[in-house]
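Below: one structure, written as structure tokens.
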Amino acid sequence: MTQTNNKALIAVLSVVFGLVAGAIIMLIFGYNPFSGYGSLIATAFGTPQNIGEIFSQMTPLILTGLSFLVAQQAGFFNIGMSGQLYAAWVGSVWFALAFPQLPDFLIIIGATLFGVILGGISGLIPGYLRAKFGASEVIITIMLNYVILYLGNSAITSFPKAIRQTTDSTNQVGDHGSIAIKWLSDLTNQSSISAGIFIAVIVTILVWFIMKKTTFGFSIEAVGKNADAAKYAGINEKATQIWAMTLSGALAGLGGVTEGLGHYGNVFVQNSTPETGFNGMAVALLGSGSFIGVILAAALFSALTVGGSGMPNISGVPTELVSIVIALIIFFVGSSYLIQLLIKKIKAADAASAGSGKGPKGKKPKKTDQTEEAQA
Amino acid sequence: MVNQTQQDIPAIEMKHIVKKFGDFAANDDINLDVKAGEIHALLGENGAGKSTLMNILSGLLQPTSGEIFLRGQKITIKDPATAAKLGIGMVHQHFMLVDAFTVAENIILGAETTKGMSLDLKAAKQRIQELVDKYKLAVDPEALTADISVGQQQRVEILKTLYRQADVLIFDEPTAVLTPQEIQELIAIMKNLAAEGKAIILITHKLEEIRQAADRVTVIRAGKSYETFDAKNVSAVTLAEKMVGRKVSFTTEKKPAQVGKNILDIEHLTVQNAEGVTKVNDLSLDIHAGEIIGVAGIDGNGQTELVQAITGLTHIQSGKVTLDGKDITNKSPRKIIQSGTAHIPEDRLRHGLEVNMSLAYNMVIQNYYESPYAKMGVLQWKAIADHARKLVNQFDVKITSIEEPAGALSGGNQQKAVLARELSRKSKIVIAAQPTRGLDVGAIEYIHKQLVSQRDLGKAVLLVSFELDEILDLADKIAVISSGKIIGTVDAKETSKEELGLMMTGMSLQKARQELSATKAEAKQ
């Protein structure tokens with residue numbers, strides 16, 4: 001239990017350190033960090049529209065974060081979320097535009113399912129190759145990202161003219177296929193917020209339940225933590241790995257669906273596979289393996305990105321600084337060893353001062369233990 | 001020659017050594033003195049603090065408090081390099097040798113003599129040869145390390161320390177990997193070293209070896225050192241009692257076996273490992289209900305692959321395995337488990353436990369998906385926890401909470417946990433591979449009793465072990481395995497350690513018996 005506390009502490013400290021380091025960089029380049037961060041916060045939470053944008057942008061981040069988490073639980077490092085997301089994005093938009101005669105709810109369900117299936121297949125392929133042939137999923141998923149990028153792009157350009165807006169973008173899915181919610185859009189001054197955020201939160205709960213409470217989640221955890229022991233215990237470790245990667249791909253795919261039917265409302269040719277897929281890794285890392293952590297991390301990154309867009313106008317700080325801050329946060333999470341060392345040193349110093357002092361001071365370490373227990 | 005006054009000063013003396021890890025004191029005021037020219041055994045259960053103490057002596061750990069004296073001089077050993085410089089050498093349990101190097105190259109690795117920019121192998125080889133002759137460590141410095149026997153590899157480890165001019169040699173469980181014959185040779189080597197004035201510290205929990213080799217013994221129990229006494233004229237029983245702190249029994253009491261029907265039938269089994277090397281070669285064996293079959297053999301002769309083939313963990317090339325009339329050849333591990341096998345695996349950390357999952361989950365790892373542990377694919381925590389609590393109580397597994405990860409348990413308790421899980425499941429055969437490896441007398445006694453009671457319940461028991469004492473004590477019949485073949489099967493009552501030792505090298509039963517009677521006749525003359 002203390003371990004989870006420690007992890008949360010590391011995540012929080014990483015964010016603080018990342019922001020402080022970002023401030024130092026602003027100072028070095030002659031910007032005022034207070035006005036920089038001030039304009040960031042003012043932009044992020046200043047208008048209803050921007051708040052709507054935060055929810056809209058955190059939606060695929062939550063889903064790709066979950067995707068990474070599920071793969072990680074099974075012992076996979078899924079770098080292919082970007083491609084899996086794009087496959088689903090293209091697929092869902094195509095489905096929504098290709099069957100205008102269907103009733104709206106069937107269009108949405110069909111487009112979602114089609115996208116999720118495409119994402120799932122994109123995850124299944126590396127899962128299968130690793131389980132059956134021991135191929136590195138890292139390399140396979142990176143390569144698949146390119147395959148999916150060019151397949152997706154060429155699909156878009158070869159869609160029938162009727163559903164294309166330009167040569168390299170599709171029509172808006174419009175009222176028939178959109179998952180936007182009218183009163184929410186109105187409330188947030190026509191931001192890109194959609195039902196996606198609710199889907200993401202419900203799916204988070206669902207995935208939490210699957211991973212923590214079901215036999216399927218149990219087998220994924222067992223295989224991920226020790227495949228040999230899982231095999232010994234009669235768990236089909238290969239099938240479990242394949243299913244886990246399929247689930248992971250499907251989740252990233254759902255992220256793509258919310259981009260297509262929600263955030264953007266269409267799909268267009270990309271220069272590289274969507275960054276959102278990669279940012280999901282950062283979200284999962286900062287969320288430190290917890291489901292609530294994923295939602296909070298996604299919210300943070302989304303708020304930073306939305307807020308960052310206002311920095312150049314208000315305080316002259318370039319938006320790139322936000323990318324630097326996000327990168328630094330991830331750097332600190334990755335170098336958690338350093339932070340852990342710091343925590344240990346502080347605790348040791350605490351204990352030492354408590355040990356040397358008598359009376360009330362001597363109780364200090366006990367107190368921290370109790371608070372830890374209470375939190376647990 | 002050492003004079004009288006020098007001899008009185010211990011070669012190494014550790015005073016009031018305390019080593020704390022957090023609140024836990026692994027060493028809690030330990031005193032130890034080892035004289036030059038003696039073999040001093042450290043006796044203690046697992047987790048008693050022997051390794052911690054030796055890690056302090058070899059510079060891997062720093063004591064929280066306490067003092068170390070080398071020939072009367074106070075020293076601080078800040079790292080392994082310092083220890084080596086001070087003449088303290090460790091012969092590791094797991095050899096640290098480069099297979100592709102010759103013996104000489106391995107010995108000088110890290111302490112190379114150079115001539116200009118190049119290695120002076122010639123001078124090094126000469127020094128090694130001198131050491132080999134002086135201490136009678138028969139090993140060829142030119143031989144490739146991969147080609148020499150395990151016993152010889154150990155001599156290379158000893159030579160490594162001698163080459164670095166060690167006067168204090170620590171032997172960490174040195175006999176774990178040796179055949180009985182090699183053990184005798186090792187004891188002779190240690191005595192030689194001691195006679196040359198080296199101080200030898202021997203860590204072992206094999207009591208017979210202490211009786212044979214050691215001059216004095218220091219008992220360590222729960223991080224504290226107890227008495228130090230003369231090792232001669234002490235019975236193994238006394239040693240064990242001092243180690244555990246209570247009475248223990250060595251031979252497991254058992255009634256004559258009530259042999260029933262054939263349970264496991266192995267016919268012409270052939271198994272290759274991942275590299276395509278045949279490890280089990282046309283092996284046939286059958287095990288009946290109500291009997292314990294012990295498979296004796298030197299490590300690496302196909303025992304691991306045999307067990308993995310039966311349990312479905314490795315692919316069977318050819319042959320047939322039948323469990324109670326049901327063909328289980330190349331069936332999935334789950335199918336085999338369901339048809340009635342309980343398997344105490346050789347490597348409890350790799351196969352036996354999910355060390356990062358809770359003990360409760362570990363207790364249902366094979367049947368978590370069955371009622372009452374799961375309903376419609378949803379885990380039923382209450383049923384799982386109840387089951388775990390029941391097993392923990394029944395098998396006396398010491399743990400603070402069943403939600404703790406299995407890796408938090410001590411080695412003995414981990415093994416008890418595996419045993420609890422395997423023996424509580426319905427099964428027709430219990431396959432126990434090295435069930436007591438690395439465990440202390442108390443835990444061994446417990447596990448032995450459990451295995452015999454499984455036999456008395458009418459289950460078939462297949463015991464694979466490198467410990468001949470264990471096999472002789474428990475098994476009703478002993479099958480000796482060598483190069484993947486069963487060399488012979490003997491009745492446990494009609495054989496001896498020597499006979500099994502010879503068969504383990506690949507000699508047939510008949511030949512082994514001839515050999516033994518010949519040596520006996522020789523001894524009489």
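Tell me yes or no: at least one residue of the range B:178-185 is farther than 30 Å from B:Arg71 by Cβ, of a type in the set (A, V, I, L, M) and part of a helix (DSSP H, G or I). Yes: one or more hits.
Looking only at residues in the range B:141-165 that are more than 27 Å from the chain's Cα centre (by Cα) and among the charged types (D, E, K, R), the one that is farthest from B:Ala81 (Cα to Cα) is B:Glu142. With respect to (1) farther than 23 Å from A:Ser192 by Cα; (2) not in a loop (DSSP other than H, G, I, E, B), the lone exception for A:Gly307 is condition (1). Scan the range A:204-220 and tell me whether some residue there is without any contact (Cβ under 8 Å) to a residue 24 or more places away in the chain, more than 30 Å from B:Met363 (Cβ to Cβ) and not β-branched (Val, Ile, Thr). No.
Looking only at the range A:170-183, how many residues end up being surrounded by fewer than 20 Cβ atoms within 10 Å (Cβ to Cβ) and in contact with a helix residue (DSSP H, G or I) (Cβ under 7 Å, 6 or more places away or on another chain)?
Kept after step one, since they are surrounded by fewer than 20 Cβ atoms within 10 Å (Cβ to Cβ), are these residues of the range A:170-183: A:171-172, A:174-176, A:181-183.
From what's left, in contact with a helix residue (DSSP H, G or I) (Cβ under 7 Å, 6 or more places away or on another chain): A:171, A:176.
Final tally of qualifying residues: 2.
Being under 16 Å from B:Ala25 (Cα atoms), in a strand (DSSP E or B) and at pLDDT 90 or above is the filter here, so list the residues in the range B:38-74 that pass it.
Filtering the range B:38-74 for residues under 16 Å from B:Ala25 (Cα atoms) gives B:44-56, B:61-66.
Next, from what is left, pick out any that are in a strand (DSSP E or B): B:44, B:65-66.
Residues satisfying the conditions are B:Ser65, B:Gly66.
Can you pull out the residues in the range B:358-384 that are in contact with a Lys or Arg (Cβ under 6 Å, 6 or more places away or on another chain) and in contact (Cβ under 8 Å) with a residue 40 or more places away in the chain? Correct list: B:Met363 only. For B:Gln303, work out the one condition from (1) surrounded by fewer than 23 Cβ atoms within 10 Å (Cβ to Cβ); (2) away from chain A (no Cβ under 11 Å) it doesn't fulfil. With respect to (1) surrounded by fewer than 23 Cβ atoms within 10 Å (Cβ to Cβ); (2) away from chain A (no Cβ under 11 Å), B:Gln303 is out only on (1). Could you list, in sequence order, the residues of the range A:269-294 that are farther than 13 Å from A:Gly83 by Cα, under 8 Å from the mean Cα position of the chain (by Cα) and in contact (Cβ under 8 Å) with a residue 60 or more places away in the chain? Residues satisfying the conditions are A:Met281, A:Val283, A:Ala284, A:Val294. Residues that are of a type in the set (D, E, K, R), in contact with a helix residue (DSSP H, G or I) (Cβ under 7 Å, 6 or more places away or on another chain) and assigned to a helix (DSSP H, G or I) were ranked within the range B:339-394; the one that is farthest from the other protein chains (Cβ to nearest Cβ) is B:Arg348.
What residue, among those in the range A:65-93 that are assigned to a helix (DSSP H, G or I) and among the aromatic types (Phe, Trp, Tyr), is nearest to the chain's Cα centre (by Cα)? If we take residues in the range A:65-93 being assigned to a helix (DSSP H, G or I) and among the aromatic types (Phe, Trp, Tyr), then A:Phe68 is nearest to the chain's Cα centre (by Cα).
Taken over the range A:186-215, the criterion of being at pLDDT 95 or above, more than 16 Å from A:Ala299 (Cα to Cα) and polar (S, T, N, Q) is satisfied by A:Thr214, A:Thr215. Scan the range B:463-481 and give yes if some residue there is over 23 Å from B:Gly302 (Cα atoms) and in a loop (DSSP other than H, G, I, E, B), otherwise no. For the range B:463-481, residues over 23 Å from B:Gly302 (Cα atoms) and in a loop (DSSP other than H, G, I, E, B): absent. Scanning the range B:40-74 for residues that are surrounded by fewer than 16 Cβ atoms within 10 Å (Cβ to Cβ) and farther than 29 Å from B:Arg211 by Cα returns B:Leu60, B:Gln62, B:Thr64, B:Ser65, B:Glu67, B:Gln73, B:Lys74. Look at A:Phe29 and say whether it is hydrophobic (A, V, I, L, M, F, W, C), over 17 Å from A:Leu304 (Cβ atoms) and out of contact with any Pro (no Cβ under 6 Å at 6 or more places or on another chain). Considered against the rule, which asks whether it is hydrophobic (A, V, I, L, M, F, W, C), over 17 Å from A:Leu304 (Cβ atoms) and out of contact with any Pro (no Cβ under 6 Å at 6 or more places or on another chain), A:Phe29 comes out as yes. Checking each residue in the range A:228-242 for being of a type outside the set (Ser, Thr, Tyr), over 17 Å from B:Pro405 (Cβ atoms) and assigned to a helix (DSSP H, G or I) picks out A:Lys231, A:Glu237, A:Lys238, A:Ala239, A:Gln241, A:Ile242.
The condition of being closer than 30 Å to B:Lys331 by Cα, assigned to a helix (DSSP H, G or I) and more than 14 Å from chain B (Cβ to nearest Cβ) does not hold for A:Thr204.
Of all residues in the range B:400-426, those satisfying the criterion of being within 23 Å of B:Gly294 (Cβ to Cβ) and either of a type in the set (A, V, I, L, M, F, W, C) or modelled with pLDDT of 95 or more (or both) are B:Val418, B:Leu419, B:Ala420, B:Arg421, B:Glu422, B:Leu423. Every condition in (1) surrounded by fewer than 20 Cβ atoms within 10 Å (Cβ to Cβ); (2) free of Cβ contacts under 8 Å to residues at least 60 places away in the same chain; (3) closer than 23 Å to A:Thr240 by Cβ is met by A:Ser154 except one, and the failing one is (3). Listed conditions (1) touching a residue at least 40 places away in the same chain (Cβ under 8 Å); (2) buried (at least 22 other Cβ atoms within 10 Å of the Cβ) are all met by B:Val98, apart from (2).
Return the residue satisfying two criteria in turn: it lies in the range B:306-318 and is within 14 Å of another protein chain (Cβ to nearest Cβ) and of a type in the set (S, T, N, Q), and of such residues it is nearest to B:Ser427 (Cα to Cα). Lay out the reasoning, then the answer.
Looking only at the range B:306-318, we keep the residues that are within 14 Å of another protein chain (Cβ to nearest Cβ), and these are B:307-315.
This time we only want the ones that are of a type in the set (S, T, N, Q), so: B:308, B:311, B:314.
Working: B:Gln308: 17, B:Thr311: 13, B:Thr314: 21 Å.
The qualifying residue nearest to B:Ser427 (Cα to Cα) is B:Thr311.
Checking each residue in the range A:157-201 for being in a strand (DSSP E or B) and either in contact (Cβ under 8 Å) with a residue 40 or more places away in the chain or of a type in the set (Val, Ile, Thr) (or both) picks out A:Gln165, A:Thr166, A:Ser169, A:Thr170. Looking at B:Ala479, B:Ala492, just one residue is within 23 Å of B:Val271 (Cβ to Cβ) and either free of Cβ contacts under 8 Å to residues at least 24 places away in the same chain or out of contact with any Pro (no Cβ under 7 Å at 6 or more places or on another chain) (or both), and that residue is B:Ala479. Among the residues of the range B:319-338, those identified as crowded, with 18+ Cβ neighbours inside 10 Å and within 9 Å of chain A (Cβ to nearest Cβ) are B:Pro333, B:Ile336, B:Ile337.
So in the range A:212-228, with the set limited to residues that are out of contact with any Gly (no Cβ under 7 Å at 6 or more places or on another chain) and either crowded, with 21+ Cβ neighbours inside 10 Å or more than 14 Å from chain B (Cβ to nearest Cβ) (or both), which one is nearest to A:Gly196 (Cα to Cα)? Within the range A:212-228, the match that is nearest to A:Gly196 (Cα to Cα) is A:Gly217.
The values are calculated or read from the model by the stated rules, or taken from the named source; none is laboratory data. Note that the structure is predicted; figures quoted are calculated from it, not measured. Quick reminder, even Gly has a Cβ in these numbers, built from the backbone with ideal geometry, and neighbours come from all protein chains shown.
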